[in-house]
Structures are given as C-alpha cells and as structure tokens.
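Enquirer: Please see the structure below; I have some questions.
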Amino acid sequence: MKNLLNILDLSEKEIEELIATAEDIDANPDKYRDACKHKILATLFFEPSTRTRLSFETAMLSLGGGVVSVAGANTSSAAKGESVADTVEVVSGYVDIIAMRHPKEGAPYVAVRHSSVPVINAGDGGHYHPTQTLADMLTIYREKGGFENLKIGFCGDLKYGRTVHSLISAMSRYKGVEFVLISPEELKLPSFVKRDYIEEKGISYIESESLEDNIGSLDVLYMTRIQKERFGSEEEYERLKDSYILTEEKMRLAGKETIVLHPLPRVNEISVKVDDDPRACYFRQTVNGKLMRMALILKMLEKNKSSEKNDGAFQENTFVSDKYDCTNPHCICECEQELSRLFYKDKTGKVFCAYCEHEASEK
Ligand code: NCD
C-alpha cells in the first residue's frame, strides 16, 4: 500500500498493526516525538473540515514533522480553475505526503496519478473516508475488544455518508458481523456498497426506517449527519433533516453495552444530554482519529523509503473507453474534462466508472 484511497487498500493485518502502533503512541508519546523530523505533510482540503484536517496536522506536528495547508477551495488556485491533476503535480514536488479532501467522488484517484509522494484520501464527496474508518475501528477495538460477531447499526444518511461506506467495507471482512441499515427510503445505502461489501460477501443485514425498533439489539450504533451539502434541493433536505434524533429516552431502549459512535460534526442527530452517558463514544473517537493518523503517516513514510512504485490504485481490469459515460453528477470526471475516461466490468459484464464506482451508461 503506497496510497490510502479506500480502506480496503489496507489488509486486516495492516489495520491491526496500525492499531498496535496507535496504542503504543498513546502510551509512549515521547518515543515518537522526532519520528517524522524534516518530513512535510500537505493537507489539501477543498471542502470544509475541523477534525480531519486538524487531527492530520496535529498528528504530523506530534511526530516532529512540518505541515503546509490549503484550507478551503477559495484559498488556493482551485478558485482560479486549476485542476486536481495540476495542483497535485506541483504540491507533490514540495512535500513528502499529501492528505486530500475534495467534494468530487474519485478526486484522490486523479491525485495519485499525478503525485510522486503518497496520497491519503481524507474524504471524496459521498464516496469514501478511510481515515475516519481507522478512527472508528480503534474506537470499536478499545470499547469492544475486537471486530468479530458484532451487530452494527448505521443510522441516518446512508446514501451520501462516506464514513458509512468505508466502515461497512472494512467491517464486512470480519466473522459474524451483521448490519442493520436504518434510514429513510430516500437515503438508503448506494448499490455499489450494498452489492460489493454486503451481498457479495453473504453478510446478514436488514434495512429499516425505525431506530426505536432496532436500537435494543445493537452492539454498535453509528449515527450520522444528514449530508445537506450533497442534496439536490433544499426542500428535500428540510424534509429529511431531523429523521433521527438520539435522545436519552431512546438510549433507555439500547443495551447496557451498546456503544454510540458518530464521525461528527453532529447537527441535531444526538441530543447533548446523551453526551454524559458512558456508552457515548464520539468524543473519544476524535482522539482515536489523531492516534490512528499518526500511526498511518508513520507507516506510509516508512514504506515510501523503499522505492515501491506508485501503484495507481485502480482495479486491475480497468480500461480506457469513450464508448461509455459515467452517470454520476458528483464524479470528478464530470469537472476535469481532460481526464481519461476509465471503466471496469464486473462479473456480470456491467460497466462501472473507475473513479466513483457508479454504473456507467453506453453512449
Ligand atoms: C465526516 C465527513 O467529513 O464525512 N466528518 C468527519 O470527517 N469527521 C462526517 C460528516 O461530515 O458528516
């Protein structure tokens, strides 16, 4: 693994190693104080962020490294129309590692093709957010002691919630895991996640619109924000925004050992009255995010010492074609016109966009 675009770029063993390193960093921070001395991280954030950007930056600073940052699309040449490809081509000449967040799905796949240094996906549109998954997994590990035989409920915006997509794909590799997918009809899990990470693997799951009916059976409840910025219309957002609110009363229906996670920011999904409940883990989760990002930066810079080539990150059977169109308006290929159109076929012969994984249509 040279780059981290999808959580599945890391094997289960590599995730275990990152967890062990994160625990050691937590116990012995002094040991790591100069571990990344003279190395520089660039955080290129073309979308708002508090936790992810600041935890990446404080992670690098705590490892003795330096940080340069683009915070917001308006503060860089992206505002003048510069492409992701050109931005990364330039920035990778200045730094040793890049963490990038972008509103378009698949943008980090473009970055990788133009970068001479490792690239970490810090969230690409409604697609993936692998380092949030690392934070989530350290939290589950610390609170539950492991990943097997857990019943995990995801509640809220499962359609646009990229943290949900990444955590489902990661957890689907463990024995005895079951999913409860709680959302309004309009915000159900997209087919690329359901097909590849749940149905293909024969994982047991149910879909439901009710939090109350399911909360009592869960080991982990993963609450999410309704992703306002990804909605086509304000009206639809207004209708769905308060679909689920976790209150003290609902927590009374949950098991004694049910833990509550949320990637944050919360808007109205969890009442502040739940914060003091020992089962509420979302603030501990943010600390775990910094520890895992420290472990990840260390590992990626260490690996990069070997002259491992930039492996391109795409599926093996990816091909260039002008016979197909990506049907996803949020895909990076919609705004970077010069990109080669890349696709792959699944076992049934259906064609998908290699950047965002949405089904393609024939021209
Ligand atoms: C999440 C994100 O950006 O996807 N936040 C985060 O990184 N901690 C969740 C969200 O914005 O709702």
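The values are calculated or read from the model by the stated rules, or taken from the named source; none is laboratory data. This structure is a prediction, so every number in the text was calculated from the model and none was measured. Every residue, glycine among them, receives a Cβ derived from its backbone with ideal geometry; neighbour counts consider all protein chains shown.
Enquirer: When the residues of segment 253-265 are narrowed to those that are in a loop (DSSP other than H, G, I, E, B) and more than 9 Å from the ligand (Cβ to nearest atom), which ends up nearest to S55 (Cα to Cα)?
Expert: Taking segment 253-265 as the starting set, the residues that turn out to be in a loop (DSSP other than H, G, I, E, B) are 254-258, 262-265.
Okay, now just the ones that are also more than 9 Å from the ligand (Cβ to nearest atom), so 254-258.
Details: A254: 31, G255: 31, K256: 31, E257: 28, T258: 27 Å.
Among residues in segment 253-265 that are in a loop (DSSP other than H, G, I, E, B) and more than 9 Å from the ligand (Cβ to nearest atom), the one nearest to S55 (Cα to Cα) is T258.
Enquirer: Any residue at all in segment 94-101 that's over 30 Å from V177 (Cβ atoms) and free of Cβ contacts under 8 Å to residues at least 24 places away in the same chain? Spell out how you get there, then give the answer.
Expert: At the first step, the residues of segment 94-101 found to be over 30 Å from V177 (Cβ atoms) are 94-98.
Checking the rest, the ones that are also free of Cβ contacts under 8 Å to residues at least 24 places away in the same chain come to none.
No, every residue in segment 94-101 fails to be over 30 Å from V177 (Cβ atoms) and free of Cβ contacts under 8 Å to residues at least 24 places away in the same chain.
Enquirer: Name the residues in segment 223-244 that are loosely packed, with under 14 Cβ neighbours inside 10 Å and within 16 Å of the ligand (Cβ to nearest atom), would you?
Expert: Hits for segment 223-244 are E229, D242.
Enquirer: While we're looking at this one, here's another question. Is segment 218-240 home to any residue that is β-branched (V, I, T) and assigned to a strand (DSSP E or B)?
Expert: yes
Enquirer: Same structure, new question: Can you tell me how many residues in segment 15-58 are among the small types (G, A, S), in a helix (DSSP H, G or I) and within 16 Å of the ligand (Cβ to nearest atom)? Even if it seems obvious, please write down each step before you answer.
Expert: Looking only at segment 15-58, we keep the residues that are among the small types (G, A, S), and these are 20, 22, 27, 35, 42, 49, 55.
Filter once more, keeping what is in a helix (DSSP H, G or I): 20, 22, 27, 55.
Still in the list and also within 16 Å of the ligand (Cβ to nearest atom): 55.
Of the residues in segment 15-58, 1 are among the small types (G, A, S), in a helix (DSSP H, G or I) and within 16 Å of the ligand (Cβ to nearest atom).
Enquirer: Also, I was wondering about something else. Just a yes or no: is a residue in segment 122-142 more than 17 Å from the chain's Cα centre (by Cα) and not β-branched (V, I, T)? Can you show your working first?
Expert: Filtering segment 122-142 for residues more than 17 Å from the chain's Cα centre (by Cα) gives 141-142.
If we keep only those that are not β-branched (V, I, T) as well, we get 141-142.
Yes, segment 122-142 contains a residue that is more than 17 Å from the chain's Cα centre (by Cα) and not β-branched (V, I, T).
Enquirer: Of the conditions (1) under 24 Å from T43 (Cα atoms); (2) free of Cβ contacts under 8 Å to residues at least 24 places away in the same chain; (3) hydroxyl-bearing (S, T, Y), T286 fails just one. Which one is it?
Expert: Condition not satisfied by T286: (2).
Enquirer: Collect the residues in segment 127-164 that are in contact with a strand residue (DSSP E or B) (Cβ under 7 Å, 6 or more places away or on another chain) and within 22 Å of E236 (Cα to Cα), keeping them in residue-number order.
Expert: Within segment 127-164, H127, F154, C155, G156, L158, R162, V164 meet the criteria.
Enquirer: In this structure, does L167 turn out to be touching a strand residue (DSSP E or B) at 6+ places or on another chain (Cβ under 9 Å), in a loop (DSSP other than H, G, I, E, B) and either surrounded by fewer than 18 Cβ atoms within 10 Å (Cβ to Cβ) or not charged (D, E, K, R) (or both)?
Expert: Considered against the rule, which asks whether it is touching a strand residue (DSSP E or B) at 6+ places or on another chain (Cβ under 9 Å), in a loop (DSSP other than H, G, I, E, B) and either surrounded by fewer than 18 Cβ atoms within 10 Å (Cβ to Cβ) or not charged (D, E, K, R) (or both), L167 comes out as no.
Enquirer: Tell me yes or no: at least one residue of segment 120-140 is aliphatic (A, V, I, L, M) and outside the structural domain of M251 (by TED's automatic domain parsing).
Expert: Filtering segment 120-140 for residues aliphatic (A, V, I, L, M) gives 120, 122, 134-135, 137-138, 140.
From what is left, the residues that are outside the structural domain of M251 (by TED's automatic domain parsing) are 120, 122.
There is at least one residue in segment 120-140 that is aliphatic (A, V, I, L, M) and outside the structural domain of M251 (by TED's automatic domain parsing).
Enquirer: Residues to consider are A107, A85; find the one that is surrounded by 14 or more Cβ atoms within 10 Å (Cβ to Cβ) and within 16 Å of the ligand (Cβ to nearest atom). Lay out the reasoning, then the answer.
Expert: Working: A85 fails: within 16 Å of the ligand (Cβ to nearest atom).
Unique residue meeting the criteria: A107.
Enquirer: Still on this structure: Among (1) of a type outside the set (F, W, Y); (2) crowded, with 22+ Cβ neighbours inside 10 Å; (3) more than 11 Å from the ligand (Cβ to nearest atom); (4) assigned to a helix (DSSP H, G or I), which single condition is V117 missing?
Expert: (4)
Enquirer: Across segment 154-169, which residue is nearest to the ligand (Cβ to nearest atom) among those that are in contact with a His (Cβ under 7 Å, 6 or more places away or on another chain) and of a type in the set (S, T, Y)?
Expert: Filtering first and then ranking leaves T163.
Enquirer: Does Y128 qualify as being within 17 Å of E357 (Cα to Cα), within 11 Å of the ligand (Cβ to nearest atom), modelled with pLDDT of 95 or more and crowded, with 24+ Cβ neighbours inside 10 Å? Before you say what the answer is, go through the steps one by one.
Expert: Details: within 17 Å of E357 (Cα to Cα): yes; within 11 Å of the ligand (Cβ to nearest atom): yes; modelled with pLDDT of 95 or more: yes; crowded, with 24+ Cβ neighbours inside 10 Å: yes.
Considered against the rule, which asks whether it is within 17 Å of E357 (Cα to Cα), within 11 Å of the ligand (Cβ to nearest atom), modelled with pLDDT of 95 or more and crowded, with 24+ Cβ neighbours inside 10 Å, Y128 comes out as yes.
Enquirer: Does at least one position in segment 180-200 carry a residue that is in a loop (DSSP other than H, G, I, E, B), free of Cβ contacts under 8 Å to residues at least 24 places away in the same chain, over 30 Å from V90 (Cβ atoms) and more than 16 Å from the ligand (Cβ to nearest atom)?
Expert: Checked against the condition, which is being in a loop (DSSP other than H, G, I, E, B), free of Cβ contacts under 8 Å to residues at least 24 places away in the same chain, over 30 Å from V90 (Cβ atoms) and more than 16 Å from the ligand (Cβ to nearest atom), segment 180-200 yields at least one hit.
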